[in-house]
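Quick notes on the structure that follows.
The values are calculated or read from the model by the stated rules, or taken from the named source; none is laboratory data. Remember, predicted model here, so these are calculated numbers, not experimental data. Heads up, the Cβs are rebuilt from the backbone with ideal geometry, glycines too, and the neighbour counts pull from every protein chain shown.
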Amino acid sequence: MRDVDVVVIGAGQAGLSGAYHLRRVGLRPDEDFVVLDHSPRPGGAWQFRWPSLTYGKVHGMHALPGMELTGADESRPSSEVIGAYFSRYERTFDLRVHRPVDVRAVREGEDGRLLVESSEGTYATRAVINATGTWDRPFWPRYPGQETFLGRQLHTADYPGPEAFAGRRVVVVGGGTSGTQHLMEIAEVAAETTWVTRRPPVFREGPFGEEQGRAAVSLVEERVRSGLPPLSVVSVTGLPLTDAIRRARTDGVLDRLPMFDRITPTGVAWDDGRAVAADVILWATGFRAVIDHLAPLRLREPGGGIALDGTRAVRDPRIHLVGYGPSASTIGANRAGRAAVHEIQQLLDRAPALDPEPAVAAVPL
């Protein structure tokens, strides 16, 4: 067992932001704090994105604190560009991320410490920054007849790119950003596509500025404060009406059908008698927060989520969730990482406030 002041779980945008701010307030990596990451290499969830998601197609990627990303080739896969950027960030700020490390449980220890049990051993710590994201927990809805389908079913997490769907009849389920991106790519090579969503999609025209961003975050914060599971980003902000989406709507690619009632061996069907034949069902149905390792601490509220006060878990102020709920965006993760460290400083009886942000270095790729 090793003693540290802080354990950071996860090294995506939120975890690296937290680790960066821990360094800024004087905590030493591998002595005062440790960063544990489940993934095999730098890049957070970005490293698993499908090859056709090039950097130029990424919406709203905000730079990590202290280092801008400039000059990236927009035609390169986002997994490569952002993976290289995260890797250089870890080296530049000497964050010493341990990987691959699986965190199995966080439970109560002795003398007010938490025990973080992992595949590389147990850490006794005074605080935890949980930045585990959602990628490892894809959400698969269940529908009658699902097990009888003779074709292929897969989730966004396993999306290989459009080539795998050439000449196939494909049903895409889900009204989020991933679902629409997959659908528009697949429609170019598939024999037939059908788009199915639970609710009519909302397309957002015009700029999405600071005021709209604050309003969206406020809606998510309200749910989290109430102990409810966070909403998806698109359910709050709507889909941006880009030129590509306009073309797809004009071409009929984004003609949406309501959710089917059951799955048959050869496709999907509705109770009104409508049926669609399919070779593939692609579930672009989102992800859920990876927080099962926190279960021994009994942080969940009756509504199923973890109630937060800022980044602190209401039921245990030693636990800070970043990249969860209102901070589940790249800019939100940056701010939450800083806020969590500010709170942890007070818990550790260290300096009461962070200094202003230093000048930002540009990293050309």
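Taking the condition assigned to a helix (DSSP H, G or I) and either at pLDDT 95 or above or not β-branched (Val, Ile, Thr) (or both), does residue 199 pass?
Values: assigned to a helix (DSSP H, G or I): no; either at pLDDT 95 or above or not β-branched (Val, Ile, Thr) (or both): yes.
No.
From the list 71, 18, exactly one residue is buried (at least 24 other Cβ atoms within 10 Å of the Cβ), over 15 Å from the mean Cα position of the chain (by Cα) and either closer than 26 Å to residue 156 by Cα or in contact (Cβ under 8 Å) with a residue 24 or more places away in the chain (or both). Which is it? Give the derivation first.
On the way: 71 fails: buried (at least 24 other Cβ atoms within 10 Å of the Cβ).
Testing whether each residue is buried (at least 24 other Cβ atoms within 10 Å of the Cβ), over 15 Å from the mean Cα position of the chain (by Cα) and either closer than 26 Å to residue 156 by Cα or in contact (Cβ under 8 Å) with a residue 24 or more places away in the chain (or both) leaves just 18.
When only residues in the stretch 134-192 that are in a loop (DSSP other than H, G, I, E, B) and aromatic (Phe, Trp, Tyr) count, which is surrounded by the fewest Cβ atoms within 10 Å (Cβ to Cβ)? Walk me through it before giving the result.
As a first pass, look at the stretch 134-192 and keep what is in a loop (DSSP other than H, G, I, E, B): 134-137, 139-145, 149-151, 159-161, 166-168, 174-176, 187-191.
With aromatic (Phe, Trp, Tyr) added as a condition, the list becomes 135, 139-140, 143, 149, 159.
On the way: 135: 19, 139: 15, 140: 12, 143: 16, 149: 19, 159: 24.
So, considering only residues that are in a loop (DSSP other than H, G, I, E, B) and aromatic (Phe, Trp, Tyr), the one surrounded by the fewest Cβ atoms within 10 Å (Cβ to Cβ) is 140.
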Worksheet entry | All positions within the stretch 65-92 that are farther than 14 Å from residue 13 by Cα and part of a loop (DSSP other than H, G, I, E, B) | 71, 72, 73, 74, 75, 76
